[in-house]
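Asks: I have a structure I would like to understand better, so I am pasting it below and will then ask my questions one at a time.
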Amino acid sequence: MNPLLIRPTLLGLAGASIVAVRWFQLRRTIPLWTLAPALFCVIYVFFRAWIFGRTSAGSWSTYDLYTLYADLSFGFNPSLWCNHWVERFGLFPVVSVVYESLILAIASTYALSLGRRGQPLRVFGVMLLAGFVAIQAYRLLPACGPVYLLGSECFTGEFPASCATLDAADVQPVALDPSFPRNAMPSLHVGWALLVYWICSDLLRQSRWRWLALAYLLLTALATMAGGEHYLVDLVASCPYALALWALCCPRQWSPQRVLTIVGSALALLLWIGIIRFFPGLLWSSIVLPWLLSALLIGGSIYAYRKSEVRG
């Protein structure tokens with residue numbers, strides 16, 4: 001096995017073990033099917049590259065120059081900035097473990113839901129659906145991530161940051177190695193981490209342990225950027241994406257407000273993708289605009305989760 005895959009494989013198998021142990025403890029009170037996610041953890045660990053690599057099949061062109069151009073409209077290069085500060089403070093080993101432990105976090109959240117009426121099915125459903133829908137969403141704006149576009153030498157600072165400059169005339173589809181995963185937008189890592197936090201907040205409303213899930217979310221966002229796997233605009237997209245799936249799967253009752261949340265967040269995601277793919281220059285009309293739109297998407301998603309009547 002590739003040495004780089006040993007740690008994420010072990011973390012994934014640890015997640016499967018947590019589910020299995022928790023199920024064994026509650027086996028007299030919960031159905032057999034609730035053990036199934038342990039198997040899905042194993043499948044994810046060993047077949048993740050194949051599952052998400054399918055989005056690359058037959059697709060040479062990506063829109064990475066569009067997403068990079070959108071990122072630069074914030075007034076700096078967010079991914080290179082995160083990489084610089086993570087390296088400066090020696091945090092890369094920490095964020096690397098966080099990035100690789102996603103399946104462990106999801107499995108632990110599911111194990112926490114076992115024994116709670118209706119929750120295991122909701123948690124399992126939203127996590128599984130998030131992965132499936134993301135594979136389809138990647139086709140709307142195929143992109144790999146800044147480290148794949150710029151090369152590791154530029155991204156890690158061996159070359160000056162000027163290698164990441166871009167003019168409007170340069171914004172066009174670019175051919176990248178088809179073995180690179182086209183899974184940049186939305187960031188599924190951040191989307192899943194956000195779902196973990198929201199679900200843990202519901203399951204642990206009176207416990208301080210829910211703040212551990214928040215810390216995991218923030219470190220995951222930092223890890224995806226610092227490692228060059230995602231652009232900032234990918235992380236912004238993950239918020240309405242996660243909200244739509246949470247509202248679809250997690251609340252206990254249907255209501256007009258719940259339907260509005262699903263439709264509104266889905267439209268917000270499509271609008272964000274549409275701007276980047278078809279009108280990227282719009283974000284450059286004012287430096288305030290990308291910050292304002294991002295704040296609306298992120299803040300609106302958080303507000304809808306916390307205040308909306310759809311909360312179950």
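Asks: Filter the range 160-211 down to the residues that are of a type in the set (Phe, Trp, Tyr) and open to solvent by 10 Å² or more (accessible area, probe 1.4 Å), then identify the one that is nearest to residue 138 (Cα to Cα).
Replies: 180
Asks: Can you name the residue in the range 41-60 that is within 17 Å of residue 140 (Cα to Cα) and modelled with pLDDT under 70 and, of all such residues, is most open to solvent (accessible area, probe 1.4 Å)?
Replies: 54
Asks: Among all residue pairs at least 6 apart or on different chains, which show Cβ distances below 7 Å where the first residue, located in the range 70-96, is within 17 Å of residue 218 (Cα to Cα) and the second is open to solvent by 10 Å² or more (accessible area, probe 1.4 Å) and of a type in the set (Ser, Thr, Tyr)?
Replies: Qualifying pairs under 7 Å: 83/156.
Asks: Which number in (1) buried (at least 18 other Cβ atoms within 10 Å of the Cβ); (2) at pLDDT below 95; (3) out of contact with any Phe, Trp or Tyr (no Cβ under 8 Å at 6 or more places or on another chain) marks the one condition that residue 66 misses?
Replies: (2)
Asks: May I pose another question? Please tell me if residue 104 is on the phi < 0 side of the Ramachandran plot, under 19 Å from the mean Cα position of the chain (by Cα), open to solvent by 70 Å² or more (accessible area, probe 1.4 Å) and in contact (Cβ under 8 Å) with a residue 60 or more places away in the chain. Break it down stepwise before answering.
Replies: Numbers: on the phi < 0 side of the Ramachandran plot: yes; under 19 Å from the mean Cα position of the chain (by Cα): yes; open to solvent by 70 Å² or more (accessible area, probe 1.4 Å): no; in contact (Cβ under 8 Å) with a residue 60 or more places away in the chain: yes.
Judged against the criteria, residue 104 is not a match.
Asks: Can you confirm whether the range 200-219 contains a residue that is hydrophobic (A, V, I, L, M, F, W, C), at pLDDT 95 or above and within 25 Å of residue 274 (Cα to Cα)?
Replies: No - not one qualifying residue is present in the range 200-219.
Asks: With respect to residue 277, determine if the residue is among the charged types (D, E, K, R) and more than 30 Å from residue 167 (Cα to Cα).
Replies: On the way: among the charged types (D, E, K, R): yes; more than 30 Å from residue 167 (Cα to Cα): no.
Criteria not met by residue 277.
Asks: Pick out the one residue from 291, 246, 272 that is touching a Pro at 6+ places or on another chain (Cβ under 9 Å) and either at pLDDT 95 or above or within 20 Å of residue 131 (Cα to Cα) (or both). Give the derivation first.
Replies: On the way: 291 fails: touching a Pro at 6+ places or on another chain (Cβ under 9 Å); 246 fails: touching a Pro at 6+ places or on another chain (Cβ under 9 Å).
Testing whether each residue is touching a Pro at 6+ places or on another chain (Cβ under 9 Å) and either at pLDDT 95 or above or within 20 Å of residue 131 (Cα to Cα) (or both) leaves just 272.
Asks: A follow-up question, please. Specify which of the listed residues (222, 212, 217, 296) is touching a helix residue (DSSP H, G or I) at 6+ places or on another chain (Cβ under 6 Å), over 17 Å from residue 63 (Cβ atoms), free of Cβ contacts under 8 Å to residues at least 60 places away in the same chain and not small (Gly, Ala, Ser).
Replies: Answer to the check: 217.
The values are calculated or read from the model by the stated rules, or taken from the named source; none is laboratory data. Keep in mind that this is a model prediction, so the values were computed, not measured. Positions of Cβ are backbone-derived with ideal geometry, glycine not excepted, and every protein chain shown enters the neighbour counts. All accessible areas refer to the heavy atoms of the entire protein, side chains included, with ligands and DNA or RNA removed. Shrake-Rupley method; radii C 1.70, N 1.55, O 1.52, S 1.80 Å.
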